[in-house]
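The values are calculated or read from the model by the stated rules, or taken from the named source; none is laboratory data. If you're wondering where the values come from, they're calculated on a predicted model, not measured in any experiment. Glycine gets a Cβ as well: all are built from the backbone with ideal geometry, and neighbour counts include every protein chain shown. Calculation scope for accessible area: heavy atoms of the full protein, side chains included, ligands and nucleic acids excluded. Shrake-Rupley method; radii C 1.70, N 1.55, O 1.52, S 1.80 Å.
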Amino acid sequence: MLLVGGIGVLTIVSAVLLWSWSGIIVAIASIAFIVGFGPRIAPETVMRYYRAQYVDPRRSGQLATLVEVLSARAELPAQPRLYVIPSSTLNAFATGNRERAAIAVTEGLLRKLSLREIAGVLAHEMSHIRNNDLAVMGLADAMTRFTQALAYVAVFLALMNVPAVLLGQPGFPWLGILLLYVAPTLSSLLQLALSRAREYDADREAALLTGDPIGLAAALRSLERYQGRFWEDLMLP
């Protein structure tokens, strides 16, 4: 709440600097429009983009059992559909919402990780779905993009007023322009902090779902060893 609120405050302050107090109404209306009427891509469409193959629960044995058990423990209203992406990289991500979600894992991840480690990865993705992390990150992203658009407007106005300043006309609020220019960077840093916070929470809840924190820790160690970096999966690969 603090991180999302911080991004929201930056957005509103930027709007006020540009349009005075009426900017608050403009900012709230614009973000509500982006979130409410923005493109909602179906999970199946995302999976087609990555050429992912649907895993038939009747033929996938242990994987299907893992998804079924973890989904029940997470108390999801609908069981997520499992897909496999033909890639040698080690990755996994979730898309959709609680009612209609999909989880994708790569062939590389299935080859390199043990079943115990895969259970931790799937539980991690289930936690993202249960906590509506994708919706939270989508809201944060909408506010950051709106702040970025305001920064572009501020730079344009500053360039348009350079001749007036050179001619000695009344001063232009350069401090406000500078703040508008810096705001998107601050908003992006808060968004990164939010992403990391959601990752840590997903790890914690995955350990609770599986009852096997050591298995999840082993999965994270394996991913770091093979990938050379920590696992970040809220953004699509």
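Seen against the Cα atoms of the chain and their longest principal axis, helix 174-210 is set at about 10 degrees. Each peptide among 113-119, 26-32 gets the average number of other Cβ atoms lying within 10 Å of its residues, and from highest to lowest they stand as 113-119, 26-32. Other residues lying with their Cβ under 10 Å from the Cβ of VAL67 contribute a combined charge of -1, Lys and Arg counting +1, Asp and Glu -1. Heavy-atom accessible area, probed at 1.4 angstrom with all protein chains present, ranks ASP201, ASP133 as ASP201, ASP133, highest first. In the context of the full set of protein chains, the chain has a per residue accessible area of 56 Å² (1.4 Å probe). Between the Cα long axis of helix 2-19 and the first principal axis of the chain there is an angle of about 30°, rounded to the nearest 10. Could you identify which residue out of GLY36, GLY23, GLY138 has the top mean-square fluctuation in a GNM of the chain using Cα springs shorter than 10 Å? Looking only at GLY36, GLY23, GLY138, the largest GNM fluctuation is found for GLY36. Dimensions of the chain from C-alpha coordinates, computed as largest minus smallest value along each principal axis and given longest first, are 76, 35, 32 Å. Relative to the longest principal axis of the chain, what angle (0 to 90°, nearest 10) does the C-alpha long axis of helix 62-73 take? On a 0 to 90 degree scale, this one is about 60.
Note on surface exposure: THR95, THR45 rank THR45, THR95 by accessible area, highest first, 1.4 Å probe. Of all stretches in the chain that contain no chymotrypsin sites (Phe, Trp or Tyr not before Pro) in a DSSP loop with at most 12 other Cβ atoms within 10 Å, the longest one is 22-229. Per residue, the chain reaches -22500 deg cm²/dmol at 222 nm when only DSSP H runs of four or more residues are counted, each adding -39500 (n - 2.57).
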